[in-house]
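Everything on this sheet refers to the single structure shown next.
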Amino acid sequence: MNLFKKVLCCSTLIVPIIVSASELPQSNSKWYKDADALMKRVMARAANVNKAKNVILLVADGNGVTSVFATRIFEGQMYGKSGEGHELSYEKFPYVSLAKTYNSNAQSPDSAGTAAAMVTGVKTRQGVLGVDEYLERSDCDGVPQHALPNIGHMAQARGYATGVVSTARVTHATPASLYSQTADRNYEDNSKLPEGCTGQEDIATQLIDSKLDLAMGGGRRHFIPKNTKDNEGKSGKRTDGKNLIEAWKEDGGQYAWNDQTHSRLDLKGGKILGLYESSHMKYEHDRTGEPSLAQMTKTAIEYLSAKSEKGFFLMVEAGRVDHANHATNAHRMVTDGVAFANAVRVADEMTDDSDTLIVVTADHSHVLSIAGYTKLGTPILGLCYKLDKKGNPTDDLCTGADGKPYTMLSYGNGASSVLIKDGNGNYTSPNGRPTLTQEQALDPDYNQAALIPRSSETHAAEDVAIYAKGPWAHLFQGTVEQNYIFHVMKQAFQF
């Protein structure tokens, strides 16, 4: 390939001289060599059109591209790197696409509508699961007329094993999308159902009655009665007197409630229910006494692989990335993000690219932003450090027009707003922004500043990334509707 090389002659003009690419002065640069090597690998890549034996859908709830960026830098800095050039496990996957996340009735989506789109192949309204876009939320009696099968149902009908793993409650929106058909994601137990509802059972009951081979996560309270204490002394929520955990065990199922009982599960035995917290599982930063997302993923793959010779479908959710963003607590967001990347790594290492499609994505993003202008290697959870006028890194803090430093990460809204309600109920900022130190900003309990005051930070509406490898992963190209994910998984299974 011939290119132009610019050289100076006797005048001030720059004269182009045609040279080969190998003679380019930048050809010895690491950046140049790395990019050229990547291009050659991409050119050599062949599409995998095998029939998939297994499909694994891994969803980090609320893990928009900004959260991914922050997690990438955080994990890289954990390993002593600058972080910017680091790659998370799934960022090494060969195929990447963008998914439009809006719901059929909302520009900024919720997890029910987005999860439903991924597993049914069609978009639907906010707040509903396993039904079409025409069912109005809370129309309990209308569910049978609008119910839709999902990829899990299709797999079960063909003899595949199926499972769901989450760090949220297993009755929460994303995991429930795999087995539930409900007019409202909040119908997690019978106490939430409208009086006189005949069109559906509550979500926990639907899980017990489903054909799932494995379900792991939090949410014990929705499976036991109000007058019953769980293994950790916490009361249930059910008002019908039913103990669904006992029903699961009476039907031949295994049950685990902490890391010790998890480790004793028979991976060639009966179906598995793991409920490791009364509500959501702990953030990774705070985790004790319960398995990690990677450990649950490993157990699920081992169990489902042995369960059916045909193969399996598995959904894995890192549900608490979302919750940390809602709380404007970036430290717990990125530590759960790293735990998710570890779960992806486990899934990848335990399966074969020739027969397993792995799809990694998020259901939606958050109103998280990254500030400028900072020097390379700045701790992503800390304060911004600037370059000097010649572009050299310094130890001087970036400051706003108010002369005060600012963190790399902040939120558009949330409970940590810089605006404070005064005695008249008006929101003002009488003292302006606080003056932060690096030590304060790096505290795991620090809540990044938000602009608009809200009790909880909100989702955002922009596209999220899809990373894929394995059979038919090459179909993930360009910008697609989120429900397209179902169609690629269906094609990979050749249903």
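The values are calculated or read from the model by the stated rules, or taken from the named source; none is laboratory data. Since we're looking at a predicted model, the values are computed, not measured. Cβ placement follows ideal geometry from the backbone for every residue including glycine, while neighbour counts extend to all protein chains displayed. Surface accessibility is based on the protein's heavy atoms, side chains included, excluding ligands, DNA and RNA. Shrake-Rupley method; radii C 1.70, N 1.55, O 1.52, S 1.80 Å.
Structural remarks
- The modelled label-to-label distance between Arg158 and Ala401, using points 7 Å beyond Cα along the C-beta direction, is 5.9 nm.
- Here the Karplus relation 6.51 cos²θ - 1.76 cosθ + 1.60, evaluated at θ = phi - 60°, turns the backbone of the stretch 107-120 into coupling constants of 6, 9, x, 10, 6, 5, x, 6, 5, 4, 4, 5, 9, 10 Hz, with x for every Gly and Pro.
- Note that the chain presents 44 Å² accessible area per residue, ligands and nucleic acids not counted, probe 1.4 Å.
- Which label in (i) 42, 30, 21; (ii) 34, 28, 25; (iii) 43, 24, 19 gives the computed semi-axes √(5λ) of the Cα gyration tensor in Å: (i)
- Packing, taken as the mean count of other beta carbons within 10 Å per residue, orders the peptides 156-166, 368-378, 120-130 from highest to lowest as 120-130, 156-166, 368-378.
- Span from the the stretch 226-249 Cα centroid across to the the stretch 274-335 one, whole angstrom: 22
- Segments 229-237, 320-328, 170-178, 186-194 sorted - mean Cβ within 10 Å per residue, highest first: 170-178, 320-328, 186-194, 229-237
- Whole-Hz couplings from phi, Karplus 6.51/-1.76/1.60, listed for the stretch 464-479; x for Gly and Pro: 10, 8, 10, 10, 8, 8, x, x, 6, 5, 5, 6, 7, 9, x, 9
- The Ile420 and Val65 beta-carbon pair, evaluated with R₀ = 22 Å, returns a calculated FRET efficiency of approximately 0.10.
- Distance between modelled label sites at Glu246 and Asp36, nm, 7 Å Cα→Cβ extension: 7.2
- Normalised contact order of the chain, rounded percent, pairs of Cα under 8 Å and 6 or more residues apart: 23
- Burial order of peptide ranges 53-59, 26-32, 264-270, 310-316 (average beta-carbon count within 10 Å, highest first): 53-59, 310-316, 264-270, 26-32
- Rounded percent of accessible protein surface that carbon and sulfur make up, the chain, 1.4 Å probe: 51
- Cα centroid separation - the stretch 346-368 against the stretch 116-152, whole Å: 24
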